[in-house]
Amino acid sequence: MVQTDLTQLNRECNSWRENLKGHRTELTNFRAKLQEAVTRPLNRADLPQVEHYDNQIDIQLNNISQLKHEIKDHERNAAWELGRTSGQVSDNTWTQHESLLDRYEILEHTISELKEEFKTFMSKFS
């Protein structure tokens, strides 16, 4: 049972990291599209939006990187605890796992909203 719990924890963490990696790739592609768009003449009114999306892409890429590292550290801690104790992962580790899940879901939502807004904005340049 405990091994199953750790396996589930690892599976969830791996899934989160893979999804975050996909978001990182997509945001990097968005940055390239944004840079391509600014090589063309822009309306003066579009410049604040360009800056906004450039900043948001930076912020979300940093958030992705930070969360990925925290997830990896969390997995290492859980594995260490399992080996150190009598095969038990502490309640604190499970609480941290739930906290990471909450942060992951919030980041997923934020990135999803950013993607939709960005796609709408970029449709002006197609």
Just the residues that are without any contact (Cβ under 8 Å) to a residue 12 or more places away in the chain and either in a helix (DSSP H, G or I) or under 22 Å from the mean Cα position of the chain (by Cα) (or both), please, taken from the stretch 24-54. THR25, ASN29, ALA32, GLN35, GLU36, ARG44, ALA45, LEU47, PRO48, GLU51, HIS52
Long-range neighbours under 9 Å by Cβ, at least six apart or interchain, first residue in contact (Cβ under 8 Å) with a residue 12 or more places away in the chain and within 12 Å of ILE71 (Cα to Cα) within the stretch 97-114, second of a type in the set (Val, Ile, Thr) and buried (at least 16 other Cβ atoms within 10 Å of the Cβ): HIS97/VAL89; LEU100/ILE71; TYR104/ILE71
Give the residue that is surrounded by the most Cβ atoms within 10 Å (Cβ to Cβ), with candidates limited to residues of the stretch 67-96 that are hydrophobic (A, V, I, L, M, F, W, C) and modelled with pLDDT of 95 or more. ILE71
Give the residues of the stretch 97-118 that are within 14 Å of ASP5 (Cβ to Cβ) and either touching an Asp or Glu at 6+ places or on another chain (Cβ under 9 Å) or surrounded by 12 or more Cβ atoms within 10 Å (Cβ to Cβ) (or both), sorted by residue number. HIS97
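The values are calculated or read from the model by the stated rules, or taken from the named source; none is laboratory data. Everything numeric here is computed off the predicted structure, so don't read it as measured data. So basically every Cβ, Gly included, is an ideal-geometry build from the backbone, and we count neighbours across all protein chains shown.
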